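Trainee: This is the structure I want to talk about, given as structure tokens.
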Amino acid sequence: AINTSPKDLASRDAVDQAAPNSRLCAEMGASAMAFDQRVFVSFNPFNVYVAQADVKPACVLRPANVVPILKDRRGLINDQEVRSCKNNMNTWAFVGDLDDTPQLSCVYKSEDAQNEFLSNPKFGIGEDYLDDDRDKEAKKRIKDHMTNGQKAQMRKQANAIPGLD
């Protein structure tokens, strides 16, 4: 039986259809889900409080499509914002219709993200001490001390220092 309830996301197609500007998103990017969540940390006493996340349909644009769609056609971002995002992050994502005050975000593509839906579901979130011992066939990648993004940022900073060739 196929679940067709609009309250349930039973497939990637449901996410694609719910994406803002769904046709444009399919052609120029990828449909996504945006999670808006707040974490509050108190220091005296130290506590961490987590608010319930809001989940919204979203779209992540391919970098090559950002300028024509967001800057040239709609005037939603300017040259300085394009440069700043390109230098520090990766591309742009949005929630809401592009023609009706969308929420734009400059986003970073994590090279270290792992789709754990495709691996052994017995493993927990993150890298716990049992991950290496449970299932040798799982081939879970364990991150070393720095992410690839952090390493790239360090290389970029080092290349900017004169005399460090």
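Trainee: Once amide H atoms are placed 1.01 Å from N in the peptide plane, what residues at a sequence separation of 5 or more from VAL107, or on another chain, have their amide H within under 5 Å of its amide H?
Mentor: Here ASN90, THR91, TRP92, ALA93 satisfy the definition.
Trainee: Give me the extension gain from ASN159 to ASP54: residue separation times 0.36 nm, minus the current Cα-Cα distance, reported in nm with one decimal. Please list the in-between numbers first.
Mentor: Numbers: separation 105, 0.36 × 105 = 37.80 nm, distance 4.00 nm.
Extra length available between ASN159 and ASP54 comes to 33.8 nm.
Trainee: While we're on this one: What are the ³J(HN,Hα) values, in whole Hz, obtained from phi via the Karplus relation 6.51 cos²θ - 1.76 cosθ + 1.60 with θ = phi - 60°, for each residue of the stretch 98-109 in sequence order, with x given for Gly and Pro?
Mentor: Couplings: 5, 8, 9, 6, x, 9, 9, 9, 7, 10, 10, 7 Hz.
Every number in this text was worked out from the coordinates using simple rules, so none of it is lab data. A quick note: this is a predicted structure, and the numbers were derived from the prediction, not measured.
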